[in-house]
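This report concerns only the one structure given below.
The values are calculated or read from the model by the stated rules, or taken from the named source; none is laboratory data. Every value quoted in this text rests on a predicted model; they were computed, and no experiment measured them. Here the Cβ positions follow ideal geometry from the backbone for every residue, glycine too, while neighbour counts run over all protein chains shown. Ligands, DNA and RNA are stripped out before the accessible areas are found, and what is left, the full protein with its side chains, is counted by its heavy atoms. Shrake-Rupley method; radii C 1.70, N 1.55, O 1.52, S 1.80 Å.
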Amino acid sequence: MKVLKFGGTSVANAENISKVIKILESESKKNKIAVVVSALGGTTDMLIEAGNLATNKDEKYIEVFQNIVNRHINTVEELIDNKNKQAVLNEVNTKLEELKQILQGLYLINEFSNKTIDKIVSFGELLSSYIISEALQQTVKNASLKDSRELILTDSTFTNATVKIKETTTNISSFFKKNKDKIVVLPGFVSRNKNNETTTLGRGGSDYTAALIASAVKADVLEIWTDVSGMYTANPKLVKQAFPIEEISYQEAMELSHFGAKVLYPPTVHPALQKKIPILIKNTFSPDEKGTLITKKGKDKKQPVKGISHIENIALLTLEGNGMVGVPGFSKRLFSALSRNNINVVLITQASSEHSICVGIFSSESKKAKHVVDEEFVYEISKKKIKPLLIEDSLAIVAVVGDNMKNHQGISGRMFRALGNNNVNVRAIAQGASERNISAVISHKDIKKALTALHNRFFEKQIKTLNLFIVGVGNVGGILLNQIKKQQDYLNENLLLNVRVVGISNSKKMIFEEEGINLNTWNEQLQKGKKQSHKLFFDTIKELNLSNSIFIDVTANEDVAKTYKNYLRESISVIACNKIACSSKYSDYKELKDLSRKYNASFLFETNVGAGLPVINTLNNLINSGDKVTSIQAVLSGSLNFIFNNFNDTSSFHDIVKQAQAEGYTEPDPRIDLSGVDVARKILILAREAGYKLDLKDIKNQSFLPKESLEAKTVDDFYNTLKTEESHFSELYKSAQNNDSQLKYVAEFNNGKASVGLKEIDKEHPFYNLKGKDNIVLFFTERYTEQPLIIKGAGAGAEVTASGLFGDIITLGRN
Ligand code: ADP
Ligand code: ASP
Ligand code: MG
């Protein structure tokens, strides 16, 4: 014999019930079956709501009641053949009339006891089982209905009754011994006490009804049919990557369900385990999928973590005080006080100093807990031996579960590292003595991030998702998006990186898409986006709270640079193309470096110097490996190099600068390049990265520009001065020619001092042959004494800059 249970969603309406009937028709050809059904999905909640409204004299209860009526009547109308329809409608209406009278009674007496709650909610399962059995009998001969209340006997703890196992088992087994029907339909959830009053088995209790029957008749299998394809590695509604666990042990299933995997009501496992009846979780809407098999052994012993679950609405109670140290009995009194008042303890931790005890309970009970515990310890509190009970709310528990965790080292290390790396603060920790479960109490707002991070850590070791938020999607930013789009598949396959762009913004608009923006249409989407604001951009990223979030600044904007610290403080890594942050006050630069270390978030800015050339990375490697930089000589301005390489006696300086700007080699304001400020910032950043404490004002800047150009107020004025001062520039060129030299704009750093300026470079010098927009950097160090370490190549241009940013992204991904 088999026992099948169908949950609320599976029997939510006529269409779904028809699917259930199909499954039953095919099953009944092979086996005798007992079918336990829940109320039509959502009915239990509606019944409780109607009861509460009526008790509070709120006439809206009539509306809710009418909804309940309509759902059931519609289901009958659609499901039952004309021949029987009227009879079934009459019976359903009689039951609904009875319900209506109870609700009217509540309205008059304003009292809604647990006993009455049970009376009311029982209508859900009583109605559904009646309708389903009638529908079933239309096609299956030998099908019947049995009221579970006649079989399942409990104590009188209404709404959460304890089953009297012995009597119940006898009742069930003798009933099924006598009954010869192929299918017996039974309402889940409902039971009775010895006075024949209706009780219920707790929310979600239909699973338990089915387990009690399976155990009593020693069924071959207990099948729980629901709306998902098994017990998943994590709640599939929250973790997209979760997948059904093929096989799992009773203990693991119990632990996961205790810690929030709602797919199985926790008490269900015990009766099945005792008789070694396998439990199979199946999907009514995808009956061909395998589902999850729960057995004694489970499978895949090698996999230490089988699933991750979580419980919401948790409050943490802390009892602490010096008076507790070495005095026995405090915990006992705490737990007795809680238990006397039916407050369920979900999690316990105790500091080894005995100075405090910390327990997790459901938030709904925190007020009551505060009251009863403070009352219990009123004397000790008045004597200041302990403090009044401390309550922290809005918390949740996440738990990783697996039978075999005890044989593997380092699981908790991995768990807490994954949480820590994602800035999930852990408030309390508990590990079951069986080592089958490690639980952490975290803030409610972090649930999704924590589950995703843990799932990623334990089940998707392969693929790491990077969530990018890019500000500034003009020239370089746009090319970066294009490069990412082209490379996504490669990264997925070869580096196991899933790079997705979740947010982008330009100076006017911004858009977000949690699953990743479509990089084919980002431009059109952005135009329809929200109005841009740095604050809102930050707030949204914080709110999304995704693991491995990376903020990327592809602007030259000072206000954006000022926001980096906010990101780092949230453990969000920052990649900057923008040089402003690293070349502003030393204390600002230092603060960012410190925050990056403190919050375990990277701060990368390779493209600040030499665009995509690996200048900073190389320098970092030298320093980290113990080398010391003594001198740096460099040509660091792609734009100035382009200008001086193209400027000669046949061209005008003005036109060459215009051309450099048109080709995107200069900053939007060319004065930043030509004044030498841009180069000064770069050598400053290199000096700082080499470990020297320098500020921009410490860098000697001998400008080659005439006074008029330096003083120009606008970009247009500046260009005009380049025309009027043409002779000044041609003089510079001629002088270099006469000395057999080339003009190069050089940055130097020697023994702690830095300078920038235009130089005539003779033929022997490595700078002499520098072409086009190339950059070159010479590092002289304690290890590279005679011959410097040289880095040379294109040091400007959108493609190479974007590629440098991309390099930083990948560096982060591989960390
Ligand atoms: P039913 O009405 O069929 O009893 P429930 O709503 O009680 O269904 O349980 C199924 C739901 O449990 C799923 O829809 C899912 O949202 C939730 N759930 C939570 N954790 C898990 C998990 N680890 N695996 C599967 N489902 C889970
Ligand atoms: N109908 C009850 C509930 O919603 C029992 C169940 O569906 O398992 O809690
Ligand atoms: Mg359920």
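Summary of computed values
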read-out	value
Overall dimensions of region 448-487 as given by Cα atoms, namely Rg and Dmax in Å	14.3, 39
Relative contact order (%) - criterion: Cα under 8 Å, at least six apart; region: the chain	8 percent
Translational D in µm²/s for region 150-218 (Stokes-Einstein at 4 °C, 1.567 mPa s, Kirkwood Rh from C-alpha pairs)	108 µm²/s
Phi to ³J(HN,Hα) by Karplus 6.51 cos²θ - 1.76 cosθ + 1.60 over region 71-76, Hz, x for Gly, Pro	4, 6, 5, 4, 4, 4
Integer Hz, Karplus 6.51/-1.76/1.60 couplings in order for region 421-426, x for Gly and Pro	4, 9, 6, 8, 7, 9
Residue-normalised accessible area of the chain, given per residue in Å² at a 1.4 Å probe	45 Å²
Derived scalar couplings ³J(HN,Hα) [region 674-690; Karplus, 6.51 cos²θ - 1.76 cosθ + 1.60; whole Hz; x for Gly, Pro]	6, 6, x, 4, 4, 5, 4, 4, 5, 5, 4, 5, 5, 4, 5, 5, 7
D (Stokes-Einstein, µm²/s), Kirkwood Cα radius, region 443-569, 1.306 mPa s at 10 °C	104 µm²/s
Gap separating the Cα centres of region 124-147 and region 484-550, nearest whole Å	52 Å
Magnitude of the charge dipole, region 406-517, Cβ model with Lys/Arg +1 and Asp/Glu -1, debye to 20	240 debye
Distance violations [Cα-Cα > 20 Å] among Lys240/Lys448; Lys100/Lys146; Lys628/Lys744	Lys100/Lys146; Lys628/Lys744
q = 0.13, 0.18 Å⁻¹, region 508-579: log10 I(q)/I(0) [Debye, one scatterer per Cα]	-0.39, -0.77
Extreme residue, positive dipole direction of the chain, given options Ile809, Ala418, Cys358 (C-beta unit charges)	Cys358
Farthest toward positive dipole pole in region 655-758 [+1 Lys/Arg, -1 Asp/Glu at C-beta], among Phe749, Thr714, Ser703	Phe749
Asn142 versus Asn518: modelled label distance in nm, points set 7 Å from Cα along the beta carbon direction	5.6 nm
Radius 15 Å from Cβ of Lys115, net charge of other residues (Lys, Arg +1; Asp, Glu -1)	0
Degrees, to the nearest 10: 615-624 long Cα axis against longest axis of the chain	80 degrees
For Thr721, net neighbour charge (Lys/Arg +1, Asp/Glu -1) across residues whose Cβ lies under 13 Å away	-2
Lysine pairs with alpha-carbon atoms under 24 Å apart, region 303-418, spacing 8 or more or separate chains	20
Value in Å of the Kirkwood radius, where the chain supplies the Cα pairs that are averaged	32.0 Å
Degrees between helix 366-376 axis and first principal axis of the chain (Cα, 0 to 90, nearest 10)	80 degrees
Nearest-20 debye value, the chain charge dipole, Cβ charges on Lys, Arg, Asp, Glu	3040 debye
Leu145 long-range amide H proximity, modeled H, under 5 Å	Val185
Cβ-placed point charges (K, R +1; D, E -1), dipole of region 88-162 about Cα centre in debye, nearest 20	100 debye
Kirkwood-based shape ratio for region 677-732, expressed as Rg/Rh from alpha carbons	1.13
The chain: angle of helix 475-490 to the longest principal axis, Cα-based, in degrees nearest 10	50 degrees
Dipole-positive endmost among Ile80, Pro278, Tyr733 within the chain (Cβ charges, Cα centre)	Pro278
Separation between Cα centres of region 1-65 and region 317-335, rounded to whole Å	46 Å
